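Enquirer: What follows is a structure written as structure tokens; I'll ask about it next.
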Amino acid sequence: MIQTEKPLILIVDDAPVALKMAAEILGGEYRLALAESGAAALRFVTERHPDLILLDIIMPDLDGFAICKKLKESSETADIPVIFLTGRAESSDITRSYDLGGADYLAKPFNAAEMRVKVKTHIELALLKKVTGQ
């Protein structure tokens, strides 16, 4: 299986500045879609099935935990890696993100090198799972 186009990443954050920063860090390597709410993110995922989701934890409509839970409950979306974005890297939030099926997390403000490495790693792992059928 050879992927012919750049992977699609959905970035979900209610803060326009965070969306812009993440898009600037990843824009050259990946196709990007941006969502400013949990509801918009869920609509996008059902229509487009991105290769990876960067998901803010704290949002006004649906928080990132609720969104991740919905994604992981569906066989259509359970395989999409979710990297949580958080302004507060408390151990309870980090533990909860993994318990809900999150692949990783990134603390705000973003470290560009860390973001690139984590995104690349989780996209490669997801692709490997598809190829091997696991």
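The values are calculated or read from the model by the stated rules, or taken from the named source; none is laboratory data. Being a predicted model, the structure only gives us computed values, none of them experimental. Please note: Cβ atoms are built from the backbone with ideal geometry, for glycine as well, and neighbour counts cover all protein chains shown.
Enquirer: Determine if the stretch 72-81 includes at least one residue that is buried (at least 19 other Cβ atoms within 10 Å of the Cβ), β-branched (Val, Ile, Thr) and not in a strand (DSSP E or B).
Expert: From the stretch 72-81, those buried (at least 19 other Cβ atoms within 10 Å of the Cβ) are 80-81; that's our starting set.
Adding the requirement that they be β-branched (Val, Ile, Thr) leaves 80.
Checking the rest, the ones that are also not in a strand (DSSP E or B) come to 80.
Checked the stretch 72-81: at least one residue is buried (at least 19 other Cβ atoms within 10 Å of the Cβ), β-branched (Val, Ile, Thr) and not in a strand (DSSP E or B).
Enquirer: Which residues, taken from the stretch 3-38, are part of a helix (DSSP H, G or I) and either touching a Phe, Trp or Tyr at 6+ places or on another chain (Cβ under 9 Å) or within 12 Å of Met115 (Cβ to Cβ) (or both)? Lay out the reasoning, then the answer.
Expert: First, pick out the residues of the stretch 3-38 that are part of a helix (DSSP H, G or I): 16-26, 38.
Once the filter is applied, which keeps residues that are part of a helix (DSSP H, G or I) and either touching a Phe, Trp or Tyr at 6+ places or on another chain (Cβ under 9 Å) or within 12 Å of Met115 (Cβ to Cβ) (or both), the stretch 3-38 yields Ala18, Met21, Ala22, Ala23, Glu24, Ile25, Leu26.
Enquirer: Exactly one condition in (1) buried (at least 18 other Cβ atoms within 10 Å of the Cβ); (2) touching a Leu at 6+ places or on another chain (Cβ under 6 Å); (3) among the small types (Gly, Ala, Ser) is false for Ala35; which is it?
Expert: Of everything listed in (1) buried (at least 18 other Cβ atoms within 10 Å of the Cβ); (2) touching a Leu at 6+ places or on another chain (Cβ under 6 Å); (3) among the small types (Gly, Ala, Ser), Ala35 misses just condition (2).
Enquirer: Find the residue count for the stretch 32-58, including only residues that are closer than 14 Å to Pro16 by Cα and among the acidic types (Asp, Glu).
Expert: 2
Enquirer: Another question about this same structure. Test each condition in (1) closer than 14 Å to Gly64 by Cβ; (2) touching a residue at least 40 places away in the same chain (Cβ under 8 Å); (3) among the hydrophobic types (A, V, I, L, M, F, W, C) for Leu100 and report the one that comes out false.
Expert: Looking at each condition in turn, Leu100 falls short on (2).
Enquirer: Using the structure shown, decide if Arg116 is basic (Lys, Arg), at pLDDT 95 or above and touching a helix residue (DSSP H, G or I) at 6+ places or on another chain (Cβ under 9 Å). Break it down into steps so the answer makes sense when it comes.
Expert: Values: basic (Lys, Arg): yes; at pLDDT 95 or above: yes; touching a helix residue (DSSP H, G or I) at 6+ places or on another chain (Cβ under 9 Å): yes.
Yes.
Enquirer: As an exercise: evaluate Leu106 against (1) crowded, with 18+ Cβ neighbours inside 10 Å; (2) free of Cβ contacts under 8 Å to residues at least 12 places away in the same chain and give the number of the one condition it does not meet.
Expert: (2)
Enquirer: I've got another one for you. Quick one: is Ser92 at pLDDT below 95, part of a helix (DSSP H, G or I), polar (S, T, N, Q) and surrounded by 15 or more Cβ atoms within 10 Å (Cβ to Cβ)? Let's see the steps before the verdict.
Expert: Details: at pLDDT below 95: yes; part of a helix (DSSP H, G or I): yes; polar (S, T, N, Q): yes; surrounded by 15 or more Cβ atoms within 10 Å (Cβ to Cβ): no.
No.
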